[in-house]
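Step one of this worksheet: look at the structure below.
The values are calculated or read from the model by the stated rules, or taken from the named source; none is laboratory data. None of the values given here were measured: they were computed from a predicted structure. Every residue, glycine among them, receives a Cβ derived from its backbone with ideal geometry; neighbour counts consider all protein chains shown. Areas reflect the complete protein model, heavy atoms only, side chains present, ligands, DNA and RNA absent. Shrake-Rupley method; radii C 1.70, N 1.55, O 1.52, S 1.80 Å.
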Amino acid sequence: MIFFLPYPTTYPRDCPRSLYRNHWLWATWPQGSGEDAGAAWGGAGVGPLNPLRPSLSPATQVPLNRGTQAVVIGRGREAPGDSSSMGGRPSSPLDKQQQQHLRGQVDTLMRNFLPCYRGQLAASILRQISRELGPQEPARSQLLRSKKLPQVREHRGPLTQLRGHPPRWQPIFCVLRGDGRLEWFSHKEEYENGGHPLGSTALTGYTLLTSQREYLRLLDALCPDSLGDHTQEEPDSLLEVPVSFPLFLQHPFRRHLCFSAATREAQHAWRLALQGGIRLRGTVLQRSQAPAARAFLDAVRLYRQHQGHFGDDDVTLGSDAEVLTAVLMREQLPALRAQTLPGLRGSGRARAWAWTELLDAVHAAVLAGASAGLRAFQPEKDELLASLEKAIRPDMDQLLRQRARVAGRLRTDIRGPLESCLRREVDPQLPRVVQTLLRTVEASLEAVRTLLAQGMDRLSRRLRQSSSGTRLRREVYSFGEMPWDLALMQTCYREAERSHGRLGQLAAPFGFLGMQSLVFGAQDLAQQLIADAVATFLQLADQCLTMALNCDQAAQRLERVRGRVLKKFESDSGLAQRRFIQGWGLCIFLPFVLSQLEPSCKKELPEFEGDVLAMGSQALTTEGIYEDVIRGCLLQRIDRELKKTLGANDVSCTLDGCLEVPWEQEGADEETEAEREGRTCSRQPGSGAQIQPLCPPPSQGTFRS
């Protein structure tokens, strides 16, 4: 005898609610998950719900005239003397003149960036409508799209932190929030009573180190000219005291955070939680399919190209305001270093630490300005998106025909230099880059498949072996939580990191320095695919199992569902691999080819301006068509190499160069293959439209712990 699971009080978001009632398979979903837990992202403009609606939290709206300590984002109240954790500090904090200079720099950035953004909003709407009206891809997603949003797994517990002046290790209670913010309190009771944290920080852009020696080498490299005999000048430096289970958070433009756990197990749990928070906080724009998000990323790339920076890097990790802050910080860093480092007091690592404190103050001021600028632009952006949709859709066919004519003429004019550049620079390295990208994503997705198969097998075994509804419910819950289980997914995530060094060496000559973004992209892909597969399995199993089945019959049904889900996973996995390689191959090679052709081919563009202007649409620009031509030629070469490697015959080229998120389904309202199959799944005669539970309800108290 097996028992059905009672009507749950909360629901998984991967299946229509009409299917939940009286079904045996659904376990109670965790409270505060999915959209509920992710709601905090939207308000700050840094999460999956609304990554492009900037807003400053109250903690960030601090006066800029209180010096370095006051402008650190979200630091909350500090213990006395916490203005510098290592004793060294800048000769002066941000004074009014420095604040005014930074505001001027942000204003200049916004004036130069917003025209690029407006143009890319139009181009993004054009791509979206073209995709809706154009022919569908031959290969479509087979799995259901999971409706549960990726979320930072909340984590909390005691740690010690290096803080104060002079610095010392002090006990704290640390909390990682669902929006990717890390907060620390003086003790657990203060957190439980709703008290204000001692400090907090968004995890965007941080790198986690668990080796004290590696962190000290990094700290030494920050101020190499100031290195001396640390043992003589800083005999009591706490960073020289061995830390058993350290957790160092390093950021290129923020102050560093030094924590220590009490045990190796606690360190491991915090490492998984922090790494997950860093990734999901960083890839919020990359995971979004909103036209504004795609337009923003393209606008950042174009803006930087206009500034002479063609190589791709990790600057686009984070929300829109965080991205623009990183762009400006990278531009200003050389001058800031030259002007301020000589005035920093202290020596050795204390001086390096003071440098990070100063950077933190500058970063906070720039972020506040960028957030304000984007917030002011928001009404115009909303109005622009609505008007573009109305203006472009009626003239879509004409715009695409005109674009094709201009693209044909451009292709003829630049064919010689372009082919020469591709043969000379790209073709010799393309096979190795494609193969390394393939190994990166293939190993990660193979680990996902293994994890998925093991989870489905556990469910089948539990169904055959146990009549306990409580155990079955626990197994279903664990299976549904697999995509968000940090420990389980770690195997898949590690596989995505294995080729980091080799791929970085291959891509560096082309100016590509975005390896962290690439690894995060592979990890996001692994998480999305297993989430889709889990949602599909639960949906099909729920539709195919009825009250009339005994344990063996139900297990046999699950075996058939397992086979179908794995087949669909393999199909979607192959499609995702090809799109991943296409997208990241373009990220590696396209900026380089554009930079190589800049001196010669860009001079030809003014000849086409008249034709483009005659189209009367801001969605088409000469520069955009020019890049589309080069992107198309590059994509053909990548596709050709993919066919050699994979034997693929259905690799297609789309208008936007296949740079959409690999697992995104086109036409969200259309019926998927899994839904069609689930609807036609065989049932016991007489079961009718109302699906009955697999077995009669258990006696009262069966599910009590």
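Odds and ends about this structure:
- Pairwise label distance in nanometres, Arg432 with Lys603, each label 7 Å out on the Cα-Cβ vector: 3.4
- Highest mean first, the peptides 326-334, 214-222 sorted by other C-beta atoms within 10 Å per residue fall in the order 326-334, 214-222.
- Cα centre as origin, Lys/Arg/Asp/Glu Cβ charges: the stretch 422-646 dipole, Debye: 1240
- Fully extending the segment from Met396 to Ala335, taken as 0.36 nm per residue of separation minus the present Cα-Cα distance, adds 17.3 nm.
- The stretch 242-260 versus the stretch 598-651: alpha-carbon centroid distance in Å: 44
- Net length gained if the chain between Arg560 and Glu446 were fully extended (0.36 nm per residue, minus Cα distance): 39.0 nm
- Neighbourhood net charge (13 Å Cβ-Cβ; Lys/Arg +1, Asp/Glu -1) for Val300: -3
- When each of the peptides 386-399, 145-158 is scored by how many other beta carbons lie within 10 Å of its residues on average, the order from highest to lowest is 145-158, 386-399.
- Accessible-area composition of the stretch 422-646, carbon plus sulfur, in percent [1.4 Å probe]: 46
- Sorted from greatest to least, the principal axis extents spanned by the alpha carbons of the stretch 266-324 come out as 47, 25, 16 Å.
- Computing FRET efficiency as 1/(1 + (r/R0)^6) for Asn193 and Lys643, where r is the C-beta to C-beta distance and R0 is 60 Å, gives about 0.45.
- Mean Cβ neighbour count within 10 Å, used as a protection proxy, ranking 375-385, 515-525, 182-192 highest first: 515-525, 182-192, 375-385
- Remark: relative contact order (the stretch 392-543) = 29 percent; criterion is Cα-Cα distance under 8 angstrom and separation of 6 or more residues.
- Taking a sphere under 10 Å around the Cβ of Leu114 and counting the other residues whose Cβ falls inside, with K and R at +1 and D and E at -1, yields a net charge of +2.
- Charge tally for Phe173 (other residues, Cβ to Cβ under 12 Å; Lys, Arg +1; Asp, Glu -1): -2.
- Here's the picture: charge each Lys and Arg Cβ at +1 and each Asp and Glu Cβ at -1 in the stretch 446-568, and of Cys544, Leu486, Leu518 the one pushed furthest to the positive end of that dipole is Cys544.
- Ranking Leu367, Ala350, Gln339 by how far each Cα lies toward the positive end of the dipole of the stretch 328-381 (charges on Cβ) leaves Ala350 at the top.
- Chain lengthening between Cys551 and Glu389 when straightened (0.36 nm per residue, less Cα-Cα): 52.9 nm
- Within the stretch 252-395, all pairs of alpha-carbon atoms sorted by distance into 5 Å bins from zero give the percentages 2, 8, 12, 16, 16, 15, 12, 8, 5, 3, 2, 1, 0, 0.
- In nm, spacing of pseudo-spin labels at Arg264 and Thr108 (7 Å Cα→C-beta vector): 5.3
- Percentage relative contact order, the stretch 422-646, counting C-alpha pairs under 8 Å, at least six apart: 28
- Measuring against 24 Å, Cα to Cα, the residue pairs Lys148/Lys567; Lys147/Lys643; Lys147/Lys390; Lys147/Lys568; Lys147/Lys567 contain Lys147/Lys643; Lys147/Lys390 as the ones spanning a longer distance.
- Average accessible surface area per residue within the stretch 422-646, 1.4 Å rolling probe, Å²: 37
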